[in-house]
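Any read-out appearing in this document is the output of simple, stated calculations on the displayed coordinates, not a laboratory observation. This one's a predicted model, so the numbers in the text were calculated from it and none came from an experiment. As a convention, Cβ positions derive from the backbone with ideal geometry for all residues, glycine included, and neighbour counts pool all protein chains shown.
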C-alpha cells in the first residue's frame, strides 16, 4: 500500500514553502567549479569580521564537555544578560537562534482560532510559524517599504493574539524611532502580545532609538527578541533570546525544547557579551561598508532602500533573477528577495571593504556598466 504522507501533515504545514537561506559558499563552488577562497558571500547578514577572540577561546574551552548535556537553564548566559540589561534572570528565555524563540512564542499564544499580525515585506519566519500552527496570518500593507504601525494597530481584532514588529526590519532595513514605537504600543490592547524583533538593534545609534528592553516595565504585553548571530558574530552557533515579563517567560520556558542551546554556544555567547571592543568594531565596519555600498549604488544609478541594519536592498531592475545569477557566476553571493514580494531587489549584506568592492565591480559588469561603482 502506498501512503501519501504529504496528506497526513496538518493543513498548515501542507501549504508551507521551506525557508530559503542564502546559498553557502561550498555549494556555489561545487556548482560552478569556483575556488571557494575567491567567493564572497554577502547573502545572510553575517558579521564579516569573523568571531570575537573571546568567543573563540570560550568555545575551545567548552569543547572538553562535549560528552555532557548543556546547562538546560543557561545560568551563566542568563546572568550575563540580566546584568547587561538590568532585568531579572526570570525574564529571559534562551533559544536556538531567535527563530526558535519566535516559534515558541507563536506556539504558546496562538492557535487555529487566532489571528497574527505582521507587515508586508517583513521577516519570512512570521508567516511561516503562523501558518504552521494553523493560525490566520494578517499581513498589513507596508508604508515606504516599512511597517505601517497605525494600520497594524487598526488591524487588531478580538481574535488577534500576536503582533510581530521587526525594528529594524529585514529585508528592507527600515526602522521606527522611540516615539513611533511608544505610540504604537499604547494602541495595542493588553491581552494582545507584541513581539518586538530587535535582531539588528546593536547597529542603531542615537537618542531616538526605541530600546525595547527599556519599555518592558510600561508594557507587560511586550516581548523583545534579540540574537547573537549578527553584530555579536555567532551565527553558526545559533543563540537567541527574549526578554519579557517573568510571567510570559515562564510560559515560554515550559514549551521550549530541553537543552535547546548547546554548551559551546552558551560559553561563546557569555564570553562575547563582555567584548565591547568587538561590538564597536562591528558597528564601525558596518557603517563604513554601508556608506561604501550606498556610494557605489549611486554611481551605478541604482535606487536602494536606506537601511539601519547590516544589509541593504538595492533595486536592480526587472531582471533581478538574471543579475543574481550573473553575480553568482562571478563568485558573489547575495540574496534575491522575490519571495518577500520584492522581485526587483537584491538584498546585500555589508562586508569588508574588499568584499564590497568586488560586489560593486561584479554588479557593474552584470548590468553592463563596468567601471562604475567599484570604489
On Cα atoms only, tilt of 75-85 relative to the major axis of the chain in degrees: 80
Given R₀ = 22 Å, what would the calculated FRET efficiency be for residue 338 paired with residue 208, taking r from the Cβ atoms and rounding to 0.05? 0.10
Compute the normalised compactness of the range 42-149: alpha-carbon radius of gyration over 2.2 N^0.38 Å, N being the residue count. 1.41
Only residues of the range 174-200 count here: report those whose backbone N is under 14 Å from the spot 7 Å along Cα→Cβ of residue 84, or say none. 198-200
Roughly how tilted is helix 276-299, in degrees to the nearest 10 and between 0 and 90, from the longest Cα axis of the chain? 50
Tell me whether the range 173-312 comes out rounded, prolate or oblate; compute the Cα gyration tensor, take square roots of the eigenvalues as a ≥ b ≥ c, and use a/c under 1.5 as the rounded threshold. oblate
Chain lengthening between residue 76 and residue 49 when straightened (0.36 nm per residue, less Cα-Cα): 7.2 nm
Against the 2.2 N^0.38 Å rule of thumb, the C-alpha Rg of the range 55-272 sits at a ratio of 1.00
Using only the alpha-carbon atoms, how far is helix 263-272 inclined from the longest principal axis of the chain? Give it as 0 to 90 degrees, nearest 10. 70
Report the antiparallel proportion of the DSSP beta bridges in the chain as a percent, rounded to a multiple of 5. 50
Two-site FRET efficiency, residue 158 against residue 287, from Cβ-Cβ distance with R₀ of 51 Å, rounded to 0.05: 0.70
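Which shape class, rounded, prolate or oblate, goes with the chain when its Cα gyration tensor gives a ≥ b ≥ c as root eigenvalues, a/c under 1.5 marks rounded, and past that a/b bigger than b/c marks prolate?
Rounded is the answer for the chain, as its axis ratio a/c remains below 1.5.
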Could you tell me what percent of the DSSP beta bridges with both partners in the range 55-272 are antiparallel, to the nearest 5? 35
Per the rule of 0.36 nm per residue minus the C-alpha distance, extending residue 369 to residue 68 adds in nm 102.7 nm
What does the C-alpha gyration tensor say about the overall shape of the range 176-245? Classify as rounded when a/c is under 1.5, otherwise prolate if a/b is larger than b/c, or oblate. oblate
Compute for the range 136-252: radius of gyration divided by Kirkwood radius, i.e. Rg/Rh, restricted to C-alpha atoms, rounded to two decimals. 0.95
Give me 129, 316 ranked fewest to most by other Cβ atoms within 10 Å of their Cβ, as a rough exposure proxy. 129, 316
